[in-house]
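The values are calculated or read from the model by the stated rules, or taken from the named source; none is laboratory data. Predicted model only: the values in this text are computed from it and were never measured. Cβ sites come from the backbone with ideal geometry, for glycine too, and all protein chains shown count toward neighbours. The accessibility values were calculated without ligands, DNA or RNA, using every heavy atom of the protein model including side chains. Shrake-Rupley method; radii C 1.70, N 1.55, O 1.52, S 1.80 Å.
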Amino acid sequence: MTALRAGIEKLFAWISAALLIVLALEVLVGIVFRAAGHPLAWYDEVASVLLAWVTYYGSALAALKRAHIGFPGLVNGLPRGGRIIALVVREVAVIGFFVLLAVWGVHVLDVLAGETLVTVDIPVRVTQSVIPIGAALFILAELLNLPGQIAWAKGRPAAPPPTATDAAKELSQ
């Protein structure tokens, strides 16, 4: 399971990095063309879509790394039974929300059938597919973290929640 998780984390990181690079290049090209007096009609619309994609795919990566904002001090201070209850409530809420997001995201894709972006002939279903896909990836990340979280809640050794020091080390690599 650890190797699978590490492989998925690398894949999420590569996808997020690639989207971020494409977004940065698209913005730079848009700036250059605008400065040259020939603004690109599609620049803003495509940048908005890319930003949404970076957000959804990046949030799945953050979920896998357990890097979203949380209150670990509160839960860490609870006795074993309290940690288990808090974990169950958290996972039901988070996974339940993303299941709803995925299901309704698929419904949105059905509603948008036949629509294209205003400035480029790209189906809106393609651009909005990030909603159910991103939700499914977030659920996958939560499920991959669940065994370690259960072990931690029961008081067994498991990876503790990331700290600010962990984030600083990762950013400096």
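For segment 1-59, the solvent-accessible area works out to 65 Å² per residue, with a probe of 1.4 Å and every protein chain left in place.
Check every DSSP H run in the chain and write down those whose alpha carbon atoms cover 30 angstrom or more along the long axis and whose mean Kyte-Doolittle hydropathy is -0.5 or greater.
2-35, 43-64, 80-111, 130-153
Residues whose amide H lies under 5 Å from that of Thr116, counting only those 5 or more places away or on a different chain, are Val124; hydrogens are built 1.01 Å from N in the peptide plane. Give, in nm to one decimal, the length gained when the segment between His68 and Ile150 is fully stretched (0.36 nm per residue of separation minus the Cα-Cα distance). Here the segment from His68 to Ile150 would lengthen by 27.7 nm. Between Val49, Val120, Val130, the Gaussian network model of the chain with springs among Cα atoms under 10 angstrom shows the greatest mean-square fluctuation at Val120. What FRET efficiency comes out for Ile85 versus Glu9 if R0 is 30 angstrom and r is the Cβ-Cβ distance? Round to the nearest 0.05. Result of the calculation: an efficiency of 0.60.
Over the chain, dividing the summed -39,500 (n - 2.57) contributions of all DSSP H runs of at least 4 residues by the number of residues returns a 222 nm mean residue ellipticity of -26000 deg cm²/dmol.
When nucleic acids and ligands are ignored and a 1.4 Å probe is applied, Ser16 ends up with an accessible area of around 20 Å².
Could you look at the chain and say what percent of its accessible area is carbon and sulfur, using a 1.4 Å probe and all protein chains? With neighbouring chains kept in place, the figure for the chain is 73 percent.
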